[in-house]
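Colleague: Handing you this structure, nothing more for now.
The values are calculated or read from the model by the stated rules, or taken from the named source; none is laboratory data. It should be emphasised that the depicted structure is a prediction, and the values quoted were computed from it without experimental measurement. Backbone-built Cβ (ideal geometry, glycine too); neighbour counts: all protein chains shown. These area figures cover heavy atoms from the full protein model, side chains too; ligands, DNA and RNA do not enter into them. Shrake-Rupley method; radii C 1.70, N 1.55, O 1.52, S 1.80 Å.
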Amino acid sequence: MSRYGVVVALAVLIIGFSIALPTTFFTKGNFVTMVNAQAIVLILAIAATIPLRTGDFDLSIAAVMTTSAAVTAVIVRGGGGVILALLAVIAVGIVVGLIHGLLVVRIGVDSFITTLGSLTALGGAAYAITNSAIVSGFPDSLLQISRAEFLGLPSLTWIGWLLVAAIWYFYERTPAGRFLVFIGGSREAARLAGVRVDALRIGAFVASATISAIAGLLFAASLGSVDPSVSGQFLLQPFAAAFLGATTITLGRFNALGTLVGLYLLVVGITGLQLMGAQPWVSDVFNGIALVLAVTFAVLAARSRGRAT
């Protein structure tokens, strides 16, 4: 049961709010809204798990997303086209990831400090790119990327789920995915076992930043505008979901399916409380407490797993 405690908690919340709020919470429209509204957060949460599996942090994911959204806005409004915008944001992600890898892996700067600095610097870059203004008026070719529907859900939601499936396969079915956990457990032991520790850690930073950068393009496409100040709104929840995910499905390990469940636990709890009349600040309190509890349980789960092995 310890492996599925978060899953059970999610089910209990859904049942409880459905009984208490049958006409507002327990509706198809509400469930569709909850799923669709968290697609970008889901993508960022998955991106966050990649360095976390190696024992590193990438706090810059939200700022990478915002900066890439700003780059997308400038390119498409200038007539550059969606393909050029996609190539540009991928380049942004690769460059940012390589810089993080160089500083953290090659030079030895702490990943928390490095990516915290990037968070601030990239946040300023987003303001510079947009001239500190909200940018809108995007062409339909960009908007349709995230708004085209399939089976009643927008493509953005499906992209998030497909990413979860792809990362699950990478983590659970490939040697490189398992090596990331090995590195996170003991880098020196991994080196002695012949694992290319430095290359995989740098690759994790590049993958995290690139996924976050693509999320920026999708974010711009979903809203039809870019506000350079939004990165702070996407900082806490992805990490709360990632750490909650480490307490379910695969205990003590950051995993894709657990992150998906953890995120939906957060959104169900916040949505239910808001529909019951809670003030807007409740979401910040809920996410903050959830993050602290998630980190605590993740550490306990990791210790339990270590004793078991």
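Colleague: Residues of segment 207-225 with amide nitrogen under 14 Å from the 7 Å Cα-to-Cβ point of Asn36?
Modeller: It comes to 222-224, nothing else.
Colleague: Right, another one. Hey, if you put +1 on the Cβ of every Lys and Arg and -1 on every Asp and Glu Cβ in the chain, which of Ala48, Pro139, Ile183 ends up farthest toward the positive end of that dipole?
Modeller: Ile183
Colleague: What does the accessible area per residue of segment 229-274 come to in Å², with a 1.4 Å probe and no ligands, DNA or RNA counted?
Modeller: Values: 1180 Å² over 46 residues.
With all protein chains present, segment 229-274 gives 26 Å² per residue.
Colleague: Say we join alpha carbon atoms closer than 10 Å with springs in a Gaussian network model of the chain; which of Ser186, Ser68, Ser225 then has the biggest fluctuation?
Modeller: Maximum among the listed residues: Ser186.
Colleague: For segment 32-108, what is the accessible area per residue in Å² when the probe is 1.4 Å? Walk me through the intermediate numbers first.
Modeller: Values: 2440 Å² over 77 residues.
On a per-residue basis, 32 Å².
Colleague: Just to be sure I understand the rule: take each whole DSSP H helix in the chain, project its Cα atoms onto its long axis, keep it if the span is 20 Å or more and its mean Kyte-Doolittle hydropathy is at least 1.0. Which ones pass?
Modeller: Working: long enough: 5-20 (22 Å, 2.78); 39-53 (22 Å, 2.27); 61-77 (24 Å, 1.72); 82-101 (28 Å, 2.76); 111-130 (28 Å, 1.17); 155-173 (26 Å, 0.83); 197-223 (39 Å, 1.67); 256-275 (28 Å, 1.88); 282-308 (38 Å, 1.10).
Span-like helices here: 5-20, 39-53, 61-77, 82-101, 111-130, 197-223, 256-275, 282-308.
Colleague: Assigning unit charges at the beta carbon (Lys, Arg +1; Asp, Glu -1) and nothing else, what dipole magnitude in debye, to the nearest 20, does segment 181-255 show about its Cα centre? Can you show the working numbers first?
Modeller: Details: 5 positive and 3 negative charges, 61 e Å.
I would put it at about 300 debye.
Colleague: Can you pull the percent of segment 211-304's accessible area that's carbon plus sulfur, 1.4 Å probe, other chains left in place? Intermediate results must be reported in sequence, preceding the final value.
Modeller: Values: 2410 of 3480 Å².
The value for segment 211-304 is 69 percent carbon and sulfur by accessible area.
Colleague: Next question. Evaluate the relative contact order of the chain (contact order divided by residue number), counting alpha-carbon pairs under 8 angstrom at least 6 apart; express in whole percent.
Modeller: Working: 505 pairs, mean separation 97.0, N = 309.
Answer for the chain is 31 percent.
Colleague: Let me ask something else. Can you give the charge dipole size of segment 78-196 about its Cα centre, rounded to the nearest 20 debye, using +1 on the beta carbon of Lys and Arg and -1 on the beta carbon of Asp and Glu?
Modeller: Values: 7 positive and 5 negative charges, 86 e Å.
Rounded to the nearest 20 debye, it is 420 debye.
Colleague: Here is a further query. When the dipole is taken about the Cα centre of the chain, and only Lys, Arg (+1) and Asp, Glu (-1) are charged at their Cβ, what size is it in debye, to the nearest 20?
Modeller: Values: 16 positive and 10 negative charges, 175 e Å.
Dipole size: approximately 840 debye.
Colleague: Follow-up question, since we're still on this one. Please label the shape of segment 174-309 as rounded, prolate or oblate, based on the square roots a ≥ b ≥ c of the eigenvalues of the alpha-carbon gyration tensor (a/c under 1.5 means rounded; beyond that, a/b larger than b/c means prolate, else oblate). Walk me through the numbers before you get to the answer.
Modeller: On the way: a/c = 2.88, a/b = 1.43, b/c = 2.01.
Judged from the Cα gyration tensor, segment 174-309 comes out oblate (a/c at least 1.5, b/c at or above a/b).
Colleague: What shape does the chain have by the C-alpha gyration tensor, where a ≥ b ≥ c are the square roots of the eigenvalues, rounded means a/c under 1.5, and otherwise prolate means a/b greater than b/c and oblate the rest?
Modeller: Details: a/c = 1.74, a/b = 1.04, b/c = 1.68.
The shape class here is oblate.
Colleague: With the crude spin-label approximation of a point 7 Å out along Cα→Cβ, what separation in nm comes out for Leu192 versus Arg147?
Modeller: Placing both labels 7 Å beyond Cα along the Cβ direction yields 5.8 nm.
Colleague: Next up: Classify segment 162-245 as rounded, prolate or oblate from the Cα gyration tensor: take a ≥ b ≥ c as the square roots of its eigenvalues, call it rounded if a/c is under 1.5, otherwise prolate when a/b beats b/c and oblate if not. Please report the intermediate quantities before stating the final value.
Modeller: Numbers: a/c = 2.41, a/b = 2.24, b/c = 1.07.
Because a/c hits 1.5 or more and a/b exceeds b/c, segment 162-245 counts as prolate.
Colleague: Probe radius 1.4 Å, ligands and nucleic acids left out: which of Val82, Val95 has the largest accessible area, and how do the rest follow? Before the final figure, lay out the partial values.
Modeller: On the way: Val82 30, Val95 80 Å².
These residues rank, largest area first, as Val95, Val82.
Colleague: Counting Lys +1, Arg +1, Asp -1, Glu -1, what net charge surrounds Gly203 among other residues with beta carbon under 15 Å of its beta carbon? It would help to have the intermediate numbers written out before the result.
Modeller: Numbers: positive: Arg53, Arg106, Arg178, Arg187, Arg196, Arg201; negative: Asp56, Asp58, Asp198.
Around Gly203, the charge tally is +3.
Colleague: Give the long-range amide H neighbours of Leu153: residues separated by 5 or more places, or on another chain, with amide H under 5 Å away, using H modelled in the peptide plane at 1.01 Å from N.
Modeller: Amide H neighbours of Leu153, under 5 Å, 5+ apart: none.
Colleague: In whole Å, what are the extents of segment 1-88 along the principal axes defined by its C-alpha atoms, from largest to smallest?
Modeller: So the three principal-axis extents are 51, 38, 17 Å.
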